[in-house]
Every structure is written in C-alpha cells, then in structure tokens.
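Here is the structure we will look at.
The values are calculated or read from the model by the stated rules, or taken from the named source; none is laboratory data. As the structure is a computational prediction, the values presented were derived from the model and not from experiment. Here Cβ is always computed from backbone atoms with ideal geometry, including for glycine, and neighbour counts include all displayed protein chains.
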Amino acid sequence: MPDLPGNPNIIIDYVEPVDPRRLDFDPEDPKLSADTKEKLKKMMANYEALMGVRERLMESRLLERYALFLSAVKLPTTLRLRTKQCDELNAFYSRVDTSITLCYEYVVAFEARAPKETTPQGITKEDAIVGSIISTLLHETGHALFSIYRVPILGRGGGRRRPDRRLRDAAIREGRCADDNQGRGVEVGQPGLE
Ligand SMILES: [Zn+2]
C-alpha cells in the first residue's frame, strides 16, 4: 500500500449484517409453521452470504484503500464510508450523517454477474467486481462532494422527461441513487446505475 497520510475526517465501518439469531425466536419451537421455518432458513442463508461479502471486503481493505484515494480531499466535515445490509441492491449518500453506504446486496449482484473466467480483453472476475464497486463509490462520492461543498448544479439532467430542477438538484445532493430523480427510471433492485 502506498505510504499516504490517511484522511482524518473519514470514518470507516463495515457494519455487521443482521444476525437472525439475535432476533427473538426459537428455531426449534414446535409452534412455528413450515412457512416460518422456511423463511428463517432463508434469512440465515442470506445472513451467511452477506457475512461472506463483508469478510471479503474487509480482507481486501476496500474502504481503507478508498479512504486513501480520498486523502487529498480537504473535508470540512466527517465523511463516513460504510458497507451494510440494506435489503435492496443499492448504494447511496446520506446528508443526514454525511455517509456513503455500499449495500452488501449490491456487491452480491456484482459478484454474481462478474465473468467466471478472464475475458478475451483480459478482465478478471476480480477486476469486474472491484471495478463495479469502485465506480459505485465514485458515483456516491460525487453526490457527497456536491452536497458537502454545496456545489451549484447547473444544466439539465439526462432523460426525456424534464425533471423538476429543484427536486433533481436536491436528489443529487442527497444521493438518493436508486432513481436520482432524473427521469431515467432506474429502479431499486436493478443493478447498473448510470
Ligand atoms: Zn446517484
């Protein structure tokens, strides 16, 4: 890793996914219906999958390395870089606590759609996953910096419908990324934000 000074205003948090065992239920309870048991099994499998993603991200020191990339940015406030379970495929900036959140579910989708083998162009599975993650973090960092520095937003967004400009500018500052309110119709649950 390059010997760069860290950014003292960045806080990193790989938030643990919700452990279903912490919820108040007894999986052996004979009163549980087959349906509920099935749901619990799915929750447990989902928890283990997200824990796996969290471990891989922590091992690769993803957020620490991204924070180093941002070491030259003079932040007037704290910026939180966070990975967490969101129960949706998304990533977003929140101006409430000046945080960038990358959802584990989004990473699961990146992993699933990465090429199994190196492509003829030389792109490895790892490249595809890391590339998707970094482009997502850069996108959200754009929202964060526009919001933190109150950068005026000029011009018209893409898409055919002319969005309400104030709504659109607010959406860009807030980083509500599932649609960005730009009339492009990118929906929650659909990977591949523009
Ligand atoms: Zn966005």
query: Restricting attention to segment 1-47, and to residues there that are of a type outside the set (Asp, Glu) and assigned to a strand (DSSP E or B), which single residue is nearest to residue 70 (Cα to Cα)?
result: 10
query: Any idea which residue in segment 70-96 is surrounded by the fewest Cβ atoms within 10 Å (Cβ to Cβ), counting only those that are of a type outside the set (S, T, N, Q) and closer than 16 Å to residue 6 by Cβ?
result: 74
query: Exactly one of (1) modelled with pLDDT of 95 or more; (2) within 16 Å of the ligand (Cβ to nearest atom); (3) of a type outside the set (Gly, Ala, Ser) is unmet by residue 90. Its number?
result: (1)
